[in-house]
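Q: One structure is given below, represented as structure tokens, and several questions about it will come after.
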Amino acid sequence: MILERNFKEYTKEQFSKEKNYNAILQKVKGSGVMKKKKILSIAAVLLVVVIVGAMAPNIYANIKWNIEFKEYQNRKVDYGLASINTAVDEYETNIDMDYIYQDEIGVKLEGMLITDDFFKMNIGIKLPEEMEVETDTFSYGYAVYDENNNIYGVFERLKMGKESALTYWKKLYKELGVKYDKKDVFSIQYQDSCQGASVTTSEKGYLSTTASMTSNRGFPKSKKLYVRIFDIGYTLYNFSQEEKKLLSVDERTISDGEWLLEVNVPEEFYQREMIELKMTQQIEGVELTKAEVTETGLSVKVKHEDMMKIIEEGMNQPTEEFDEAVHNAIHIEDESGNKYYNFGLGTTENQGEVKMKFALNKEQVEKNTYYICTHVRGEDKKVKLEIK
């Protein structure tokens, strides 16, 4: 920045050590005895110079932030209104709304699911038919909040190989006038884990995506939700199988626009009866602390003595290998041997405890028999689940 460079050169010229030292000597020689008041005045000037020099980076950081926020305020936003048709059945397509277009890209909320501790949304995206994207890495940023500015969660698309600070949350807080703890800026968000958007199905000119969040303290029962979709793009990787290393990364941003979707949530959407489950016998090394099933899924909290190690090792494993380890450690089976694997794995505030979501609903649990299957202490265990 030219202003910063000139400012630094000016202060260096005007307030150099040599210049101040000579000035002080001249005053001493001229008066014979320097008065205490003059010494204090000179010391104060030097202190001001030091303080200004120390504050300069913060001053320019604030200027940069104010410019970014003004650009954020002036961004192009397109609005859409959605209504939930059904509370439970076929939630993947329970939203009635039209595509909202900008930059030749259409965005539509296709479905939404909210439970006490789980939020999921399906977003449909229309693209120009001639546009080709990498569906494996396709994603976008999103933010969800309600009419009372309760922030469910904010997810920003990670860009490999680029030094880009994740600041959307800060801009959103300021826009909404939300107060937050600067020592823990994410504590006001209800989510404790966010799953970035991923493509579930695709065809020429159309992508169906899903994104989800979990919450230990539970999501509020909101009457109106606002969903923001922004920074749509994907990543291209050049990976050498021979050298087993990443050679290059190319980040592609499809649109810098933003879509704001307003959703009216009916009261019956939250009126779900819950069934609690328990194990018919205990398993050493495994503690089932919670098993609740509603019309929308089975939520489980469990302490498995090997799970933290599996999660830690998973940081350096391919996704498929990590998933296999988790599924082997704990999953659900029915009486016919059909396996049900978790989605939305996350940790809780309790040490050694994880939470999982399974695609089993209340009707299934009431009609059929299910088992919790684990691998712990080198042995496979299978225990029946029953209604409390």
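Q: Of all the accessible heavy-atom surface of segment 220-334, with the other protein chains kept in place and a 1.4 Å probe, what percent is carbon and sulfur?
A: Whole-percent figure for carbon plus sulfur exposure: 43.
Q: Still on this structure, I have one more. How many angstrom separate the Cα center of segment 186-256 from the Cα center of segment 112-173?
A: When both Cα centres are located, 5 Å separates them.
Q: Once you have a ≥ b ≥ c as the square roots of the Cα gyration tensor eigenvalues for segment 241-361, tell me rounded if a/c is under 1.5, and otherwise prolate or oblate according to whether a/b is larger than b/c.
A: Verdict is oblate for segment 241-361.
Q: Which is farthest toward the positive dipole end of segment 222-378 among GLY257, VAL227, THR289, measuring Cα position about the Cα centre, with Cβ charges +1 (Lys, Arg) and -1 (Asp, Glu)?
A: THR289
Q: Which value, in Å² rounded to 10, gives the accessible area of LEU166 with a 1.4 Å probe and all protein chains present?
A: 80
Q: May I ask you to rank LEU385, LEU158 by accessible area, largest first, using a 1.4 Å probe over the protein chains only?
A: LEU158, LEU385
Q: Another question about this same structure. Hey, what do the phi angles of segment 128-140 turn into as Karplus ³J(HN,Hα) couplings, whole Hz, using 6.51/-1.76/1.60 and θ = phi - 60°, x for Gly and Pro?
A: Taking θ as phi minus 60°, the curve returns x, 4, 7, 7, 10, 10, 8, 5, 5, 10, 4, 7, 7 Hz for segment 128-140.
Q: Within a Cβ distance under 10 Å of LYS204, other residues only, what is the Lys/Arg minus Asp/Glu net charge?
A: -4
Q: For segment 150-233, which GluC sites (Glu not before Pro) pass both filters: DSSP loop (anything but H, G, I, E, B) and at most 16 other C-beta atoms within 10 Å?
A: Details: sites: GLU156, GLU163, GLU175, GLU203; in loops: GLU156, GLU163.
Those satisfying the criteria are GLU163.
Q: Leaving out ligands and nucleic acids, and using a 1.4 Å probe, what accessible area per residue does segment 251-388 come to in Å²?
A: Using a 1.4 Å probe on heavy atoms only, each residue of segment 251-388 averages 54 Å².
Q: I'd like the chymotrypsin sites (Phe, Trp or Tyr not before Pro) in segment 126-219 restricted to DSSP loop residues with at most 14 other Cβ atoms within 10 Å, sorted by number.
A: PHE186
Q: Right, something else. What pairs from LYS170/LYS224; LYS182/LYS357; LYS183/LYS290; LYS108/LYS221; LYS174/LYS309 go past 28 Å between their alpha carbons?
A: Values: LYS170/LYS224 22 Å; LYS182/LYS357 32 Å; LYS183/LYS290 31 Å; LYS108/LYS221 23 Å; LYS174/LYS309 39 Å.
LYS182/LYS357; LYS183/LYS290; LYS174/LYS309, as the Cα separations exceed 28 Å there.
The values are calculated or read from the model by the stated rules, or taken from the named source; none is laboratory data. It should be emphasised that the depicted structure is a prediction, and the values quoted were computed from it without experimental measurement. Neighbour counts are summed over all protein chains in view; Cβ atoms, including those assigned to glycine, are modelled from backbone coordinates with ideal geometry. Note: areas computed on protein heavy atoms with side chains; ligands, DNA, RNA excluded. Shrake-Rupley method; radii C 1.70, N 1.55, O 1.52, S 1.80 Å.
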